[in-house]
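All remarks here apply to the structure that follows.
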């Protein structure tokens with residue numbers, strides 16, 4: 001009960017900050033959250049290729065720890081690599 | 001008055017005093033149990049809050065991002081694509097985006113350099129994310145030196161730092177002018193990193209993306225819905241480390257419940273024998289073990305969930321930080337807005353409290369069916 005109340009109150013209290021962040025996303029035309037900065041495909045997973053972790057060279061192995069958290073982008077409607 | 005409620009109350013009293021008699025054993029049991037619930041609940045809270053945050057923030061992302069692909073890799077896109085895409089019916093605006101990455105050799109950090117659509121900074125000035133300020137130990141009006149692609153130093157004055165509340169999106173950002181971006185990377189004239197496309201009717205986004213892909217076969221349009229889906233799937237329970245953490249926690253719980261289910265201690269068996277010899281029915285013994293199981297598992301569940309809530313929402317999931325940080329030097333210090341997913345917590349409850357309670361009843365039932373004298377002698 002206390003958790004639910006705290007959650008509701010926090011959501012209300014954090015609403016202006018959330019709006020501020022959303023405005024920043026709009027102004028800077030951002031596409032990703034800044035969660036993992038160690039590799040391109042973990043910094044911007046939405047913009048990465050589906051094969052991103054293995055793109056550096058043939059038989060390249062995924063070696064960034066955050067790569068084990070970040071799943072490849074979901075199958076895109078117009079995904080192709082000319 | 002001997003009502004069923006009184007009977008349960010009396011058995012619960014006896015169960016608690018019985019648990020307190022074996023204080024050290026039950027306390028260690030409670031600690032392990034709480035720890036398992038804590039890990040799983042922390043994961044649930046973290047993932048749900050992150051998904052919610054991503055969903056709310058990335059609703060403001062560009063409707064469509066068009067990337068150019070060469071030899072299977074993302075490449076710079078010529079400005080002439082802008083006019084042609086802008087001419088497609090339903091497209092309101094096409095904005096070339098200039099952005100890239102910069103690796104700071106001194107601090108070993110990766111920054112994202114970005115030119116805003118509207119002019120927010122003059123040449124020579126920058127806006128930086130709180131992570132960059134922390135990493136570089138700089139403040140407003142300080143100078144930041146970046147190395148250009150020709151190895152020349154580029155001096156930039158910090159005009160402002162984004163608030164720490166925006167760290168989840170701006171931590172590693174360096175917002176600079178188009179002139180400074182050009183000086184940094186020496187891009188060929190008339191090229192951008194990608195194009196942000198605004199579509200008047202959200203329902204037409206897929207059709208317009210299809211038209212772009214048809215007219216420009218060397219491009220890859222990424223829809224806003226695909227960006228949102230990527231983040232929805234990012235912390236999917238099936239994904240990498242998540243499944244490892246879940247697997248380990250569930251396995252520990254199974255071992256733990258199995259240990260409980262496979263037998264009672266000699267002392268507990270003797271206690272059941274004594275209870276039976278003084279007139280307790282088998283159903284009473286089972287009720288006693290049921291209440292003992294409920295007291296332990298419910299306490300562990302409630303304490304574990306409350307601790308997990310505090311860990312994720314008050315202490316920013318500090319225990320997950322080393323794993324999430326990986327090898328990156330910068331990790332955003334963000335506070336997540338609390339979200340409680342009743343459905344997920346109910347599943348956690350069903351997966352932890354119920355099996356444990358059932359596991360504690362089965363051996364008691366086996367012991368309670370043995371004649372009291374045999375149980376006391378064992």
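For the reader, a short list of remarks on this structure follows.
- Nearest 10 degrees, 0 to 90: helix B:4-21 Cα axis against chain B principal axis: 80
- Between residue B:105 and residue B:232, the simple spin-label model (points 7 angstrom out along Cα→Cβ) gives 4.5 nm.
- By the count of neighbouring beta-carbon atoms within 10 Å, fewest first, A:50, A:34 end up ordered A:50, A:34.
- Estimated from the Cβ-Cβ distance and a Förster radius of 56 angstrom, the FRET efficiency linking residue B:137 and residue B:265 is about 0.45.
- Calculated FRET efficiency for the pair residue A:5/residue B:358, C-beta based, R₀ 30 Å, to 0.05: 0.40
- Model label points for residue B:214 and residue B:251, set 7 angstrom from Cα along the Cα-to-Cβ axis, are 5.2 nm apart.
- Most simply put, segment B:77-192 has about 70% antiparallel DSSP beta bridges, counting only bridges with both residues inside it.
- Over segment B:278-378, Cα pairs under 8 Å with separation of 6+ residues give a relative contact order of 50 percent.
- Note: relative contact order over chain B, using C-alpha pairs below 8 Å and six or more positions apart, is 28 percent.
- Principal-axis tilt of helix B:224-234 within chain B, Cα atoms, nearest 10 degrees: 40
- Were the residues from residue B:32 through residue B:370 laid out at 0.36 nm apart, the gain over their Cα-Cα distance would be 118.6 nm.
- Förster-model FRET efficiency, 45 Å R0, residue A:12 and residue B:152, C-beta, rounded to 0.05: 0.35
- Helix B:205-215 vs. chain B, principal-axis angle (Cα, 0 to 90°, nearest 10): 50
- Calculated log₁₀ intensity ratio I(q)/I(0) where the Debye formula runs over C-alpha points of segment B:1-44, q = 0.16, 0.17 Å⁻¹: -0.62, -0.65
Read the figures in this text as sums done on the coordinates, not as results from a lab. This is a predicted model, so every value here is computed, not measured. Cβ atoms come from the backbone with ideal geometry, glycine included; neighbour counts cover every protein chain shown.
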